[in-house]
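This report concerns only the one structure given below.
What follows is calculated from the coordinates using simple rules that are stated; it is not laboratory data. Keep in mind the model is a prediction, meaning the values are calculated, not measured. Heads up, the Cβs are rebuilt from the backbone with ideal geometry, glycines too, and the neighbour counts pull from every protein chain shown.
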Amino acid sequence: MTYTQGVVLGIVQGLTEFLPVSSSGHLILVPHVFGWPDQGLAFDAVMHLGTLGALVAYFRSELLGMAFGSVPRRLAVMLAIATIPGALAGLLFGKIIESQLRWPIVIAIATGGWAIVMWIADRRAVATPAAPGDPLERVSWGQGLAVGCAQALALIPGTSRSGITITTGLLGGLDRATAARYSFLLGIPITAGAGAQNALHLAKTGLPTGELGPLMAALVAAFVSGWFAVWFLVAYLKTRSLQPFVVYRLLLAAVVFVLVLRA
């Protein structure tokens with residue numbers, strides 16, 4: 001891997017991990033478009049560390065509040081329980097999906113199909129509540145657990161973890177900004193778990209020779225672009241809709257279909 005590849009893939013990972021457009025889909029497509037070899041396990045491990053760092057940095061106040069009791073413990077317990085469906089799905093089906101579904105046609109179908117569902121959910125979105133206090137503290141158990149179950153579907157390339165969880169939150173009655181914040185907080189445990197699993201495997205196999213520099217560049221790029229993506233989307237959804245992301249996903253699906261037909 002070169003420094004250019006590391007930075008480009010790090011930026012793509014950081015942005016698409018949190019914007020509702022599918023990071024796995026883009027990380028499969030970008031090397032395909034540029035003719036680069038698959039980035040491999042070392043890159044996946046580093047990218048998870050970068051995006052995890054971005055989430056922890058952005059939500060440091062909420063995380064400290066849950067740790068020291070200034071945020072209701074109910075929210076922390078809900079997030080922990082809601083993580084279970086996605087974690088179980090990853091353990092049971094992750095390797096099968098990784099080997100059988102990483103195909104452009106799957107990405108195209110998932111990207112376009114879930115875009116339509118996102119459009120329907122966005123049209124049903126409720127207004128940002130005017131009541132005092134943090135809206136996160138008013139997320140119900142039904143809403144929180146439904147989003148957690150939806151997170152399991154993000155294993156399918158092209159789905160987008162943030163996209164499917166925000167969409168489910170909207171369908172469950174959350175406003176756009178709260179759905180995004182809950183989605184991102186829910187992503188911390190599963191991102192940490194995926195990063196730890198990849199790092200453990202990497203420790204056994206060893207780091208590829210000569211790739212430490214490009215990997216560190218990718219880590220920094222993923223952290224910076226990931227933090228920006230979280231900040232941007234939460235601020236954006238306070239006053240705007242998901243329609244531009246719906247259009248982008250439909251266009252991306254169309255492009256991938258064309259590439260598949262030409263291949």
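Things to note:
- Per-residue Cβ neighbour rank within 10 angstrom, fewest leading, 93, 223: 93, 223
- Rg/Rh for the range 67-118, where both radii come from Cα atoms and Rh is the Kirkwood radius: 1.20
- Among 212-221, 191-200, the peptide with the highest mean count of other Cβ atoms within 10 Å heads the list, and the full ranking is 212-221, 191-200.
- Net length available on complete extension from residue 224 to residue 205 is 4.0 nm, with 0.36 nm assigned per residue and the Cα-Cα distance removed.
- Ranked by how many other beta carbons lie within 10 Å on average, peptides 152-159, 45-52 from highest: 45-52, 152-159
- Between 0 and 90°, nearest 10: helix 104-123 axis offset from the chain longest Cα axis: 20 degrees
- Label of the coordinate-derived value, volume of the Cα convex hull per residue in Å³, listed as (1) 110; (2) 119; (3) 145: (2)
- Annotation: for a label point projected 7 angstrom from Cα along Cα→Cβ of residue 81, residues of the range 111-150 with backbone N closer than 18 Å are 136-150.
- Residue order, fewest to most surrounding Cβ atoms within 10 angstrom, among 134, 38, 175: 38, 134, 175
- Among 36, 227, sorting on how many other beta-carbon atoms sit within 10 Å of each Cβ, with the fewest leading, yields 36, 227.
- Relative packing of 241-250, 163-172, which averages over residues the other C-beta atoms within 10 Å, highest first: 163-172, 241-250
- Sites residue 64 and residue 120, calculated FRET efficiency, Cβ-Cβ separation with R0 41 Å, nearest 0.05: 0.65
- With Cα atoms defining each centre, the range 110-141 and the range 1-33 are spaced 26 Å apart in the structure.
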